[in-house]
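A.B. asks: Got a structure for you, questions after.
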Amino acid sequence: MPSGRHVKVAKFEILKPAGGMKWKEFADLLRRVRYRVFRLANLCVSEKYLQFHQWRTGQIDALPKLTVGKLNKRLRDFLIEESETSESLDRFSKSGALTSYIVDALSRYKIGALTSQSKWREVIRGKTALPTFRGDMAIPIRCDKKAARRLERMPNGDVELDLMVCVRPYPRLVLKTGKISGSMLATLNCLLDNPEQSLEGYRQRCFEVRQDRNDTKQWWLHVTYDFPAVETELNKEIVVGVDVGWSCPLYVALNNGEARLGWRHFEPLARRVKLLQTQTLARRRSMQRGGKNDLAGGTARSGHGRRRRLQSTEILAGRINHAYDTLNHQFAKSVVEFAQNHGAGIIQMENLEGLKKTLQGTFLGQRWRYFQLQNFIKQKADEAGIECRKVDPRYTSRRCSKCGYIHEVFDRQFRDTHRESGKTTQFKCPKCEYEADPDYNAAKNLATLDIVERIKRQCREQGIAMRDDEAAAEVL
Ligand SMILES: [Zn+2]
């Protein structure tokens with residue numbers, strides 16, 4: 001069981017500013033703070049870049065070491081310079097407090113780029129882009145330990161937070177708590193139930209305010225929090241089975257009850273990946289054709305052009321991999337949430353060791369993607385305190401999940417030849433006539449405790465000799 005703490009971010013919509021402040025005034029203030037942070041942070045980066053350049057070209061002897069304190073001071077100087085040109089410092093920069101928010105921002109995101117020489121070498125070589133802050137960046141909110149400015153529940157039930165972005169009085173916000181989901185509400189309650197910020201509970205670590213990308217009138221509060229990774233009371237009698245397959249990447253079932261996560265749940269996600277894959281394949285083919293033609297033409301620049309085009313296919317391939325990563329993360333998240341929602345203590349998956357290197361034509365296409373998916377599930381299950389087991393997949397798609405009888409001939413080939421147009425062949429038990437979606441039936445078997453033992457026993461009973469080479473065939 002992993003110990004320590006897990007860190008997560010919760011996102012809450014901001015309902016309104018508190019204390020009678022008008023939305024316009026509140027949003028103006030946030031935008032002004034954001035503008036300062038974004039501009040000064042970029043100024044710091046370019047100044048640092050200049051220093052590095054001077055040091056590299058021998059114009060200065062030593063590279064000044066940048067510490068948080070020095071960075072803070074430098075930012076103050078920027079602000080003072082600015083105040084000489086503008087009328088007066090407003091309440092957002094008067095105390096110099098703003099500089100610490102910028103330092104916060106830098107340390108949260110890109111301080112490494114400012115303090116590490118090797119990072120700058122990469123920038124000079126063109127391997128890394130100069131770190132930049134964008135105008136729509138999240139506004140870092142200080143979470144002062146002493147002042148304990150944190151989320152608090154008001155007597156009227158509102159949840160409020162002071163935003164330490166200027167001199168007092170701090171602007172204050174009210175969160176929208178009316179329509180948030182059950183799990184978000186649970187998180188929020190855990191955050192509010194630990195006013196002492198004790199290690200036993202959920203601790204609020206830092207905040208960010210971000211404007212909605214699509215609806216600029218909407219603002220969000222991101223709360224980074226941590227919580228102890230303790231073993232939770234999960235029922236080891238409740239098992240979730242995860243079946244990976246051919247056309248449907250995942251099917252998830254439960255040993256007690258009919259609940260399932262099937263194709264319908266994953267389809268929108270999967271369709272997006274499929275589309276990307278099709279587009280990329282078409283694009284790659286046309287580009288490779290173009291490349292050949294260019295070479296045949298024999299112009300001086302054709303080779304270069306071809307290389308350039310092939311490079312962009314690599315970019316596309318990278319995008320596909322990225323999309324699959326995201327998809328796998330979301331699959332894994334759904335599986336573990338499904339397990340949590342049903343109080344399951346165990347997740348059982350197929351042991352895929354016997355699989356061929358590539359799984360051409362399967363949904364994920366490649367073996368490592370299946371391994372990646374299983375690893376993601378395992379990671380997230382570990383975090384949730386759920387045990388992961390890998391089981392021998394043999395006969396898990398041929399066993400009747402109702403009576404345990406093994407339908408000997410029900411394999412992929414059988415399914416393909418008995419297919420009615422456009423429909424998947426249902427699993428139909430020859431003994432008890434139980435009928436089900438074959439993926440659901442397999443997932444249901446995988447969700448059975450002692451499934452390997454049960455199948456062995458059943459095989460003996462039916463006089464079936466288990467062969468080792470059947471493992472891979474079974475999965476698909
Ligand atoms: Zn049956």
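A.B. asks: Under 9 Å by Cβ, and 6 or more places apart or on different chains, what pairs join a residue from segment 401-414 that is closer than 15 Å to ALA442 by Cβ and of a type in the set (Val, Ile, Thr) with one that is more than 8 Å from the ligand (Cβ to nearest atom) and part of a loop (DSSP other than H, G, I, E, B)?
C.D. replies: Final answer for the pair search is ILE406/TYR395; ILE406/ARG398; ILE406/ILE464.
A.B. asks: Just checking, does segment 386-401 include any residue being within 13 Å of the ligand (Cβ to nearest atom) and either surrounded by fewer than 22 Cβ atoms within 10 Å (Cβ to Cβ) or not assigned by TED's automatic domain parsing to the domain that holds ASP243 (or both)?
C.D. replies: No, that holds for no residue.
A.B. asks: How many residues does segment 443-465 contain that are under 12 Å from CYS400 (Cα atoms) and either at pLDDT below 90 or within 14 Å of the ligand (Cβ to nearest atom) (or both)?
C.D. replies: Count: 6.
A.B. asks: Is segment 351-371 home to any residue that is modelled with pLDDT of 90 or more, among the charged types (D, E, K, R) and more than 16 Å from the ligand (Cβ to nearest atom)?
C.D. replies: no
A.B. asks: Against the conditions (1) of a type in the set (Asp, Glu); (2) away from the ligand (no atom under 13 Å from the Cβ); (3) closer than 24 Å to GLY257 by Cβ; (4) open to solvent by 60 Å² or more (accessible area, probe 1.4 Å), where does ASP437 fall short? Just the number, please.
C.D. replies: Of the numbered conditions (1) of a type in the set (Asp, Glu); (2) away from the ligand (no atom under 13 Å from the Cβ); (3) closer than 24 Å to GLY257 by Cβ; (4) open to solvent by 60 Å² or more (accessible area, probe 1.4 Å), the odd one out for ASP437 is (4).
A.B. asks: Is there a residue being in a helix (DSSP H, G or I) and of a type in the set (A, V, I, L, M) anywhere in segment 17-29?
C.D. replies: Among the residues of segment 17-29, at least one is in a helix (DSSP H, G or I) and of a type in the set (A, V, I, L, M), which makes the answer yes.
A.B. asks: I've got another one for you. Regarding ALA317, is this residue open to solvent by 20 Å² or more (accessible area, probe 1.4 Å) and at pLDDT 70 or above?
C.D. replies: So ALA317 fits the description; yes.
A.B. asks: Which residues, taken from segment 32-79, are aromatic (Phe, Trp, Tyr), open to solvent by 70 Å² or more (accessible area, probe 1.4 Å) and farther than 21 Å from ARG125 by Cα?
C.D. replies: Selection gives TYR35 alone.
A.B. asks: Suppose the filter is open to solvent by 30 Å² or more (accessible area, probe 1.4 Å) and part of a loop (DSSP other than H, G, I, E, B); does LYS146 pass it?
C.D. replies: Here the answer is yes, as LYS146 does meet what is asked.
A.B. asks: Turning to a different aspect of this structure: For ASP392, state whether it is over 27 Å from ALA332 (Cβ atoms), of a type in the set (Asp, Glu) and in contact (Cβ under 8 Å) with a residue 60 or more places away in the chain.
C.D. replies: When the stated conditions are applied, ASP392 does not pass them.
A.B. asks: Continuing with the same structure: Limited to segment 402-415, what total is found for residues that are away from the ligand (no atom under 11 Å from the Cβ) and open to solvent by 70 Å² or more (accessible area, probe 1.4 Å)?
C.D. replies: The number of residues fulfilling the criteria is 3.
A.B. asks: From ALA18, ALA10, grab the single residue that is modelled with pLDDT of 90 or more, in contact with a Ser or Thr (Cβ under 8 Å, 6 or more places away or on another chain) and assigned by TED's automatic domain parsing to the domain that holds ILE124.
C.D. replies: Within the list ALA18, ALA10, the selection yields ALA10.
A.B. asks: Could you tell me whether THR424 is over 30 Å from PRO228 (Cα atoms), of a type outside the set (Lys, Arg) and open to solvent by 20 Å² or more (accessible area, probe 1.4 Å)?
C.D. replies: yes
The values are calculated or read from the model by the stated rules, or taken from the named source; none is laboratory data. Please read these numbers as outputs of a predicted model, since none were measured by experiment. Counting neighbours? That spans all protein chains shown, and the Cβs are built from the backbone with ideal geometry, glycine included. Side chains are part of the model used for accessible areas, which takes the heavy atoms of the whole protein and leaves out ligands, DNA and RNA. Shrake-Rupley method; radii C 1.70, N 1.55, O 1.52, S 1.80 Å.
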